[in-house]
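Worksheet: the structure to be examined is printed underneath.
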Amino acid sequence: MVKIVIKKRISQFNKVISVDGDKSLSIRSLLIGSQSFGVCKIKNLPQSEDILSTISGLKKLGIKILFKNKICFIYGNGLNGFNYKKNIVINAGNSGTFARLLLGLLTKTPYILKIIGDKSLSRRDFKRIIDPLEQFGATFIANNKKTLPLKILGSEYLKPINFFEKRGSAQCKSSVILAALNTPGKTTIVAKKSRNHTELLLKHLKLPIKVLKKKKYDLIEITGQKQFKSFDYVIPGDMSSSAFFIVLTLLSKNSKLKIKNVNINPSRVGFIKIINKMGAKVKFKNKRNNFGEEIADICVFSRKNFKAINCPVELNSNAIDEFLIIFLLASKASGISYFNKLGELNKKESPRLKLASMILKKMGVKIESSKDSIKIFGNPNLKINKKILISNFHKDHRIFMTSVIAALCLGGEWTIEDAESYKSSFPSFIRILGKIGYKF
């Protein structure tokens, strides 16, 4: 096991950085590119473990993928263009996005195909994907009827479905959308608001998808079996990765940071809305459009005073991956912050809400928590002058990175185990901290 020890806070800084490409968009571009006709060229694709798992899985399905001059080339064979063989086993590693979205593209496999993952992914719920895909006509055998490993057998006679996605899960919605691409007729989805990267990319490719936005839900219609040509795509920076450096800057002394070319899709900026309500005053500069996605440079300055927040639950789904780092900011705010209806956090790579509560307590922060809520009693004068050990966190990359940021901002002597866990999503994390000025 690799671990790191942090004994001092980060010094003041004034830097311009770029973060790794957006993981959600990267996986989607690889999967959708595999279904196109021709050669796709994808730039700024991160070399994270989740992306490498996606590439490895697609290669097992007969898709040629190679890198040249930092550009990823995907040789698509059209819809349902996978080369299916008997006894294929695909290891999704830690990537729930890859595993769940891929299943949507496997609904026509003529042979039983097996999906496995690491211990963390094997604890996560796949029933939310299995149920709608069975309606299309696919057959599943899953561990405990809901977890990995699972086996899928497709159908030659898929039928369109009407589906109500009520969790606000972009992965579940996207898996159904991808299954609809291979299905004759019109599939209709009523989806609770969530990330809309799949819809935007398909619209950019001029595929027959319609989205009618309601107040609380989106009505999505997809007409299937429409072939499409290959495309070139530039992946913008990841908001979830940027969040760690935004909070690092806010909580450091006399510091300033610009993060270039970040995806500010409205479904991804719940984090910014929440921390700005707390007094962060993060700004977007140089806004522009990139393949249907909004991108901008993010400018952030140190702040001394933060306000507690009663976090609006309607922002939860748009900030679900950033709540750990939001909790850290709340620990330094004046007053009591309330966060409710966050049960989805415990269905991620680890029971995140439970682990976040434990870490905040180790830091000396008073909290009250339940299975889906947390109340944080902020302390603007919070400083740490003791040893803290962070271990047994299921190798959750966001737990690791949040702990590192807490150590750099608040002091103390931190020992954080499973120090390579960040590589699953953000392989440049430690390197960028070095660029900002911290040497491990």
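Nothing in this text is a laboratory measurement; each read-out follows from the coordinates by a stated rule. Owing to the predicted nature of the structure, the values given are computational and were not obtained by experimental measurement. A quick note on method: Cβ atoms are made from the backbone with ideal geometry, for glycine too, and the neighbour counts reach across all protein chains shown.
Sorting the Cα pairs of the chain by distance into bins of 20 Å, from 0 upward, gives 26, 57, 17, 0 percent per bin. Close amide-amide hydrogen proximity is noted between Lys366 and Phe377, each under 5 Å apart and 5 or more residues distant or on a separate chain (H modeled in the peptide plane; Pro and chain starts excluded).
Once you've got the Cα coordinates, tell me which of Lys273/Lys354; Lys214/Lys256; Lys215/Lys277 are over 30 Å apart. With Cα atoms farther than 30 Å apart: Lys214/Lys256.
Each residue of segment 305-318 is assigned a 3J(HN,Hα), and the resulting list reads 10, 10, 9, 5, 9, 9, 5, x, 5, 5, 8, 4, 5, 8 Hz, derived from the Karplus form 6.51 cos²θ - 1.76 cosθ + 1.60 (θ = phi - 60°), x at Gly and Pro. Kindly flag which residue pairs out of Lys8/Lys347; Lys68/Lys423; Lys151/Lys347; Lys285/Lys307 have an alpha-carbon separation exceeding 29 Å in this structure. Over 29 Å apart, Cα to Cα: Lys8/Lys347.
Relative protection proxy for 329-339, 307-317, 377-387, from highest mean packing down: 329-339, 307-317, 377-387 (other beta-carbon atoms within 10 angstrom).
Straight-line cross-link partners of Lys387 among the aspartates and glutamates, defined as a Cα under 13 Å from its Cα and at least 8 positions apart when in the same chain: Glu413. Segment 197-233 and segment 108-130 have Cα centres lying 25 Å from one another.
Computed 3J(HN,Hα) for segment 148-161, one whole-Hz value per residue from the Karplus formula 6.51 cos²θ - 1.76 cosθ + 1.60 where θ = phi - 60°, is 6, x, 9, 10, 10, 10, x, 9, 6, 10, 5, 10, x, 10, glycine and proline marked x. Applied to segment 61-71, the Karplus parametrisation 6.51 cos²θ - 1.76 cosθ + 1.60 on θ = phi - 60° returns per-residue 3J(HN,Hα) values of 8, x, 8, 7, 9, 8, 10, 8, 6, 6, 10 Hz, with x for Gly and Pro. Sorting the segments 393-399, 223-229 by their residues' average number of neighbouring beta-carbon atoms within 10 angstrom, most packed first, yields 393-399, 223-229.
Rounded to a whole number, what is D in µm²/s for segment 290-337 from Stokes-Einstein with the Kirkwood radius over alpha-carbon pairs (4 °C, 1.567 mPa s)? My calculation gives 100 µm²/s for D. What whole-number distance in Å separates the alpha-carbon centres of segment 1-22 and segment 146-193? Comparing the Cα centres of segment 1-22 and segment 146-193, I get a distance of 39 Å. Based on the Kirkwood radius over alpha-carbon pairs, what is the Stokes-Einstein translational diffusion coefficient of segment 25-234 at 25 °C with 0.890 mPa s viscosity, in µm²/s? D, rounded to a whole number, is 145 µm²/s. Relative to the globular-protein estimate of 2.2 N^0.38 Å, the Cα radius of gyration of segment 341-433 stands at 1.09.
Overall dimensions of segment 121-233, expressed as equivalent-ellipsoid semi-axes from the Cα gyration tensor (√(5λ), whole Å, largest first), are 23, 17, 14.
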